[in-house]
Structures are given as C-alpha cells and as structure tokens.
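Note sheet for the following structure.
The values are calculated or read from the model by the stated rules, or taken from the named source; none is laboratory data. This one's a predicted model, so the numbers in the text were calculated from it and none came from an experiment. In this analysis, Cβ positions are derived from the backbone assuming ideal geometry, glycine residues included, and neighbour counts consider all displayed protein chains.
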C-alpha cells in the first residue's frame, strides 16, 4: 500500500475518514464502551491472523458495492465468492458432473435461455461458467467436478446437468463462525449455483441461483444474497431427479 498514486492516496483518505465518521455515529448511538471496542479490536486481530477479513467484507458489503459500481438492466448480480477458478472445462453436453451422483444426491437438469435484457432477443454463443457444491455441500477445490462452461445454442438455449446443491457451512472453526454464533445466527449458506456469463471475452454477469425449499433462504449469512428473482423452482422429475428453469437477461452494453 505504500506505493500508491496521489489519487489513490486521496481516495484512501476519503474512505477512511467517512468510515471513522460512521463508526463514531454507531459508538454514540449505541453507547459502545471502551471494553466493547477492545473486544472488537481483539476479534479483528484474530480475524486478520486467520485470513478471513476479505470474507467478512464480502458477506456484508460486496453486494452493495457490486450494485453501485456495475449498474445494469437484467438479471441481478450476486457475490462471486472465493472458490471460482479460471479455466473451467467446456461441457458440450451440459454435464458438469465428473462422477455419478451418490446415493443421497439428487440429479438436477436446469435449462433456459439467455436473452438481451433490453430487446429480449436470444443471445447465441454466450459462455455460462458454472460452479457449485455437490449434493453433500462440498466444493471440489482441486479438480473440476461440478464445474464447467456451457455455450448457448443458436436460440440462446442452455442445459445444465448437475445435482441439487446442498446447504452448507464454511466457517464452523474460524472467527467468522465465532461471530455468527455470538450473534445467534446460523453459519450456513442456502444451496446455490454460481454462474458467470461471458459475451466474447467480456464478463457481463456474475450471480448465484438459489434452490427453492432450502431451510436457509431467509437465514443465509451473506447479506442480501437471496432474493426471489434468483430462486429457482426445483420440481421432482422421478427417480430422485429434479428439473428447474431460469432465463438469464444480460446487459449487452457491458460487453467490450
């Protein structure tokens, strides 16, 4: 941070000053004591040492920032999260599973169209980069199971063959989990599917689709992540299988 431009330094001063002003308002409004401030400081030390400061910022502020800095029409943007990787493989048949579903996993076929948010015209050749947990709530952190890129056809259609993602907890044994438990909040995310949409080399949308029926749709610990417009209606299709549909609406003006 020492090697920053004068413009960046001025920006830093502005943000720092406003943050301090707002925190002073909270201290005064809620009569926060010095002992309570020291507890908060000690917690922030633990949070930083564990490497989770960015995660806490994402949980509470990233969606607000995304909506301010990238205004657009169409499907609402959502948090990328920490587990996306560049270079996901292409999946011409739409199947992002690299092994057969286990006995407790539920196969899911998600299909729909990708449309221009302004004109409603179908968008062929759009790359949809998907990643998600398996049916046990686990991300593949080393390989590409439940990861892959699907390209829309001439009518803007796509088909994703996956499993129903499970609600999961990521912070049972770290300072974020400690904070959530202290506030009496569950340390769980509602089951969801991550996706990025790319037109050519331009990323025009990053969002998440949530699974209907999850017990944590109203309790997801990421502030503002779950909304009705991003919740897909998952319907039984026989033999533990499910189907759902979702149409993405893209702001093509973001493509460079």
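What number of residues within region 118-147 are crowded, with 19+ Cβ neighbours inside 10 Å, more than 15 Å from the chain's Cα centre (by Cα) and over 14 Å from residue 161 (Cβ atoms)?
3
Please go through region 208-229 and give me each residue that is touching a residue at least 40 places away in the same chain (Cβ under 8 Å) and touching a strand residue (DSSP E or B) at 6+ places or on another chain (Cβ under 6 Å), ordered by number.
Of everything in region 208-229, those that are touching a residue at least 40 places away in the same chain (Cβ under 8 Å) and touching a strand residue (DSSP E or B) at 6+ places or on another chain (Cβ under 6 Å) turn out to be 208, 209.
I'd like the residue in region 235-250 that is over 12 Å from residue 111 (Cβ atoms) and within 19 Å of the chain's Cα centre (by Cα) and, out of all such residues, is surrounded by the most Cβ atoms within 10 Å (Cβ to Cβ).
Among them, the one singled out is 250.
With respect to the numbered conditions (1) in contact with a strand residue (DSSP E or B) (Cβ under 9 Å, 6 or more places away or on another chain); (2) farther than 22 Å from residue 219 by Cβ, which one is the sole condition not fulfilled by residue 25?
The single condition residue 25 does not satisfy is (1).
What are the pairs with Cβ atoms under 6 angstrom where one residue, in region 39-57, is over 16 Å from residue 83 (Cβ atoms) and the other, located anywhere, is assigned to a loop (DSSP other than H, G, I, E, B)? Sequence gap at least six, or different chains.
Pairs found: 50/174.
Considering only residues that are at pLDDT 95 or above and in contact with a helix residue (DSSP H, G or I) (Cβ under 7 Å, 6 or more places away or on another chain), which ones fall in region 208-244?
Once the filter is applied, which keeps residues that are at pLDDT 95 or above and in contact with a helix residue (DSSP H, G or I) (Cβ under 7 Å, 6 or more places away or on another chain), region 208-244 yields 208, 209, 210.
Quickly run through region 197-219 and pick out the residues that are within 30 Å of residue 252 (Cβ to Cβ) and not in a strand (DSSP E or B).
200, 201, 212
Give 194, 171 a once-over and let me know the one that is touching a residue at least 60 places away in the same chain (Cβ under 8 Å) and not in a strand (DSSP E or B).
Result of the check over 194, 171: 171.
Take the conditions surrounded by 15 or more Cβ atoms within 10 Å (Cβ to Cβ) and modelled with pLDDT of 95 or more and apply them to residue 191. Does it pass?
On the way: surrounded by 15 or more Cβ atoms within 10 Å (Cβ to Cβ): yes; modelled with pLDDT of 95 or more: yes.
When the stated conditions are applied, residue 191 passes them.
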